[in-house]
Amino acid sequence: MKQVSHRVDFCIIGGGMSGVCAAVAAARHGTKVLLMQDRPVLGGNASSEIRMWVCGAHGDNNRETGILEEIQLENLYRNNTPNYQIWDSVLYEKVRFQENITLLLNCTCIDAEMDGNKIKSVKGWQLTNETFHTIEADYFADCSGDSVLAPLTGADFRIGREARAEFDESIEPETADKKTMGMSCLLQIRETDKPQKFIPPSWANKYEKEEDLPPQRWHDIHTNFWWIELGGEQDSIHDTEELKDELLKITFGIWDHMKNHGDHGVENWVLDWIGFLPGKRESRRYMGDYIMTQNDVRSEGKFEDLVAYGGWSMDDHHPAGFYYLGGYPTIFHEAPSPFGIPYRCLYSRNIENLYFAGRNISTTHAALSATRVMGTCSVIGQAMGTAAAIAVKNKLSPREVYEKEIDTLRQTLMEDDCYLPFTFRKIGELTAKAKLSATAGEAENLRNGYDRPIGENDNGWWGDTSDSVTYSFEQAVQMNECRIVFDSDLNRNLPNMPCAYRLGDDSYHVPVTLVKDFKLILPDENDAVSEITVENNHQRFVKVPLNGKAKSVRFVPLSTWGAEKVHVFSLDIQ
């Protein structure tokens with residue numbers, strides 16, 4: 001067999017949404033990254049192989065931004081008649097063509113070599129070309145979901161539900177157990193313009209009457225069928241293949257029931273896809289310097305080292321899943337939105353150079369039920385990848401980043417358009433000292449340190465395409481970059497991809513609120529004017545290189561993607 005060796009700064013195992021965001025974040029900050037993913041596509045539960053929605057924080061203007069929003073806006077721009085292969089390609093492009101990243105797809109992590117309490121290297125087996133890859137790195141991260149590096153390295157971890165008394169968590173059972181939330185094989189359907197029949201396989205389960213289904217299950221085609229779920233009462237890692245077989249029997253049986261046993265409004269619908277790879281919710285959770293609990297979620301997580309946030313309720317699925325007969329298969333325990341997540345939950349307490357991000361961070365089962373959704377996992381991933389870049393640059397351990405550079409980490413994340421609740425983004429000296437004027441509207445919001453509406457405060461500038469905003473100085477100053485945050489409609493009620501394809505659905509498009517075309521006008525010390533025009537912008541977060549001296553910079557919006565008014569949250573000169 002072929003043997004290949006790699007030497008990088010930072011090796012990430014797992015290419016789900018947290019691993020993707022971590023890899024891109026670290027690479028953009030100058031870190032040499034290798035991302036190992038055991039599937040042919042990226043995205044994990046959000047990929048075409050599983051197709052779960054990227055869910056996140058509830059509430060007005062709480063949508064996750066940063067790299068996740070960049071990916072989703074690119075998808076809305078390129079994937080107007082939504083196709084999962086296009087979504088896969090957006091994720092692939094974001095990683096494969098990012099400078100500083102080596103991507104290994106179809107590569108499974110099978111071993112790790114230790115040097116005391118540090119990981120020295122990991123080994124992966126790449127099935128498609130029969131190659132063993134050995135990766136040496138200074139830092140490693142486990143974004144694999146199942147925490148594959150835990151048994152390979154001796155990292156401390158937990159699995160299952162804590163006893164109620166251990167952390168004084170009211171929603172936990174009296175006695176600790178190994179039960180988890182289960183896994184789902186999803187189905188997707190497509191509407192046609194005429195009746196369609198369905199012939200089920202002989203091995204599909206039979207649900208000929210409504211009462212054959214567990215209580216409080218429904219046939220709403222837009223709910224993504226997440227409730228077809230098993231595994232919480234078995235081993236959520238080692239029993240996966242047997243559970244998948246049973247899930248497939250149930251899934252085909254559900255569609256047979258909807259098509260052939262009663263009127264469920266799907267006469268013209270066809271089965272478009274069924275997932276043969278289960279999407280998991282819970283397995284091993286690492287133990288970090290801090291274990292986040294139900295009570296931390298409920299108290300809004302106002303940590304000094306807050307580096308990410310959630311806002312999903314504590315959505316605790318019953319371990320029996322589909323076979324739970326006691327009623328609705330999950331309990332949505334109340335949680336605030338947003339709530340903060342601390343950096344100390346993102347690195348191992350006993351393996352010196354091990355990070356982690358995703359559904360395996362250092363939480364109790366109760367807190368996991370709120371932090372596990374992929375919008376939250378994505379911003380955790382970006383926070384962890386950025387922290388790793390700081391560790392590489394300063395030769396610090398993950399713990400030392402907390403001790404010495406936590407403020408740098410937090411400010412860097414906000415500079416990169418990551419929202420940190422209860423936190424102010426520091427404004428650069430150049431932006432702060434400039435004279436600010438606008439032809440209309442209140443422009444001071446553009447440098448108030450907040451990049452979205454918060455509560456009753458809009459925190460943005462409103463104008464028309466005939467208006468402009470200008471930063472001016474007494475004399476020409478060096479300008480390297482213009483940082484702009486536009487309005488991408490953080491309240492848009494649209495998942496990253498649909499779960500049912502209705503005829504004539506035209507909802508997948510660039511948000512109309514985004515500025516499409518704009519220009520920057522810069523007079524130099526001799527009053528020679530240069531213009532930079534940006535066309536067809538479809539991103540919220542934009543950095544425009546300036547690289548010269550100018551006495552002022554004037555921002556002129558030229559068009560939007562459909563909105564009558566221009567809405568901008570931040571304009572910074574750096």
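Values computed for the structure shown
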quantity	calculated
Amide H contacts under 5 Å for Cys107, placed H, 5+ residues apart	Gln37, Asp38, Arg39
Computed [θ] at 222 nm, deg cm²/dmol, the chain (DSSP H ≥ 4; -39,500 (n - 2.57); rounded to nearest 500)	-6000 deg cm²/dmol
Selection of chymotrypsin sites (Phe, Trp or Tyr not before Pro), the range 250-304, meeting DSSP coil and at most 16 other Cβ within 10 Å	Phe276
Share, in percent, of DSSP beta bridges within the chain that are antiparallel, nearest 5	75 percent
Kirkwood hydrodynamic radius of the range 339-469, Cα pairs, Å	17.0 Å
Above-threshold pairs, the threshold being 20 Å between Cα atoms, out of Lys118/Lys395; Lys280/Lys302; Lys32/Lys280; Lys94/Lys280; Lys209/Lys244; Lys426/Lys543	Lys280/Lys302; Lys32/Lys280; Lys94/Lys280; Lys209/Lys244
Share of pairwise Cα separations in the range 183-280, more than 15 Å, in percent	61 percent
Sorted by Cβ neighbour density within 10 Å, fewest at the top, the residues Cys109, Cys11	Cys109, Cys11
Relative contact order (percent, whole number), the chain, Cα cutoff 8 Å, 6+ residue spacing	18 percent
Estimated dipole of the range 340-472 in Debye, rounded to 20 [Cβ of Lys and Arg +1, of Asp and Glu -1, Cα centre]	700 debye
The range 67-109: GluC sites (Glu not before Pro) in DSSP loop, at most 10 other beta carbons within 10 Å	Glu99
Where N is the number of residues in the range 34-162, Cα Rg divided by 2.2 N^0.38 Å	1.22
Cα-based helix-to-principal-axis angle, 240-260 vs the chain, degrees rounded to 10	90 degrees
Electrostatic dipole magnitude of the range 429-573 [Cβ: Lys, Arg +1; Asp, Glu -1; Cα centre; debye, to 20]	280 debye
Two-site label geometry, Asn61 and Lys197: point separation in nm, points 7 Å out along Cα→Cβ	5.6 nm
Farthest toward positive dipole pole in the range 183-280 [+1 Lys/Arg, -1 Asp/Glu at C-beta], among Ile254, Gln196, Pro214	Gln196
GluC sites (Glu not before Pro) lying in DSSP loop within the range 201-269, provided at most 16 other Cβ fall within 10 Å	Glu208, Glu267
Cα-centred dipole magnitude for the chain, charges only on beta-carbon of K, R (+1) and D, E (-1), debye, nearest 20	980 debye
Average Cα contact separation per residue, the range 183-280, under 8 Å, 6 or more apart, as relative contact order %	58 percent
Karplus-derived HN-Hα couplings along the range 454-459 (A = 6.51, B = -1.76, C = 1.60, θ = phi - 60°), whole Hz, x at Gly and Pro	9, x, 8, 8, 6, 6
Positive-end extreme of charge dipole, the chain - chosen from Phe569, Gly19, Leu503 (charges on Cβ)	Gly19
Estimated vicinal HN-Hα couplings, Hz - the range 163-173 in sequence order (Karplus 6.51, -1.76, 1.60; Gly, Pro = x)	5, 3, 6, 4, 10, 6, 9, 5, 8, 8, x
Taking only Cα atoms of the range 434-485, radius of gyration then Dmax in Å	12.4, 38
Gained length - Thr131 relative to Lys543, 0.36 nm times residue gap less alpha-carbon distance	144.3 nm
Over the chain: Kirkwood hydrodynamic radius from C-alpha pairwise inverse distances, Å	25.0 Å
Whole-Å distance, taken between Cα centres, linking the range 20-87 and the range 142-165	24 Å
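Read the figures in this text as sums done on the coordinates, not as results from a lab. All values reported here derive from a predicted model rather than from experimental measurement. Every residue, glycine among them, receives a Cβ derived from its backbone with ideal geometry; neighbour counts consider all protein chains shown.
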